[in-house]
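Report on the following structure.
The values are calculated or read from the model by the stated rules, or taken from the named source; none is laboratory data. The structure presented is a predicted model; accordingly, all values stated were derived computationally and were not measured. Cβ: placed from backbone, ideal geometry, glycine included. Neighbour counts: every protein chain shown. The accessibility values were calculated without ligands, DNA or RNA, using every heavy atom of the protein model including side chains. Shrake-Rupley method; radii C 1.70, N 1.55, O 1.52, S 1.80 Å.
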Amino acid sequence: MDYYKHIQDAINYIEEHLNDEILLERVAQEACMSLKQLYRMFYSIVGHTIKDYIRKRQISCAANEIKHTDRKITDIAFDYGFATHQSFCKIFKKYTGMSPTEYRATNYYYSFEAFHILIAETYYNNLHVKIINLEPFNVFCGLYQSRFKKGIEKRAVQFLNYYQIFYLI
């Protein structure tokens, strides 16, 4: 199972439904895995729990609207699934360090961008190379497989140095 692709499917679903109520069972269906498996794999690949990722994305989008529109904060809070103005302000302050009203008046910007998992695969000298780039943080991970186990690390490093694999992504 290509967990990276399935987690990207989950992220895409979340991004499409940031303004809706997001049911984690539905996200798991989109990712073609059980809810328990989604929790484990999402955290291991993205580095955030799925609930925290959703909340940070909602706060980031709400912060953008607060900063760039004159809409009421209560309306923005409801748009991103918060039941009350108070719950929104509490969570907003947790992530940004200030209330939405204070945030609107400052030059401070809070941004938590959507993740994109990019994968490049190639073969080199009996070595199967799979490079994963987790944007926006440009975290690279290399997976190497070879039927010849001896010297696999050396061949992998040679591959990265010689071909500068980062241009493939």
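Details
- Candidate set: region 81-100, residues that are of a type in the set (Phe, Trp, Tyr) and either in a helix (DSSP H, G or I) or in contact with a Pro (Cβ under 7 Å, 6 or more places away or on another chain) (or both); chosen: the one nearest to residue 22 (Cα to Cα): 88
- Tally, over region 58-89, of residues that are among the hydrophobic types (A, V, I, L, M, F, W, C) and in contact (Cβ under 8 Å) with a residue 40 or more places away in the chain: 3
- Filtered residues of region 11-24 (kept if over 19 Å from residue 48 (Cβ atoms) and among the acidic types (Asp, Glu)): 20, 21
- One residue stands out in region 58-80 among those that are open to solvent by 20 Å² or more (accessible area, probe 1.4 Å) and within 19 Å of the chain's Cα centre (by Cα): the one that is farthest from residue 20 (Cα to Cα), namely 64.
- Only one of 43, 103 that is of a type in the set (Ser, Thr, Tyr), at pLDDT 90 or above, over 21 Å from residue 27 (Cβ atoms) and part of a helix (DSSP H, G or I): 103
- Within region 12-53, being open to solvent by less than 20 Å² (accessible area, probe 1.4 Å) and within 20 Å of residue 95 (Cα to Cα) holds for 14, 18, 46, 50, 53.
- Check on residue 108, at pLDDT 95 or above, open to solvent by 50 Å² or more (accessible area, probe 1.4 Å) and of a type outside the set (Val, Ile, Thr): no
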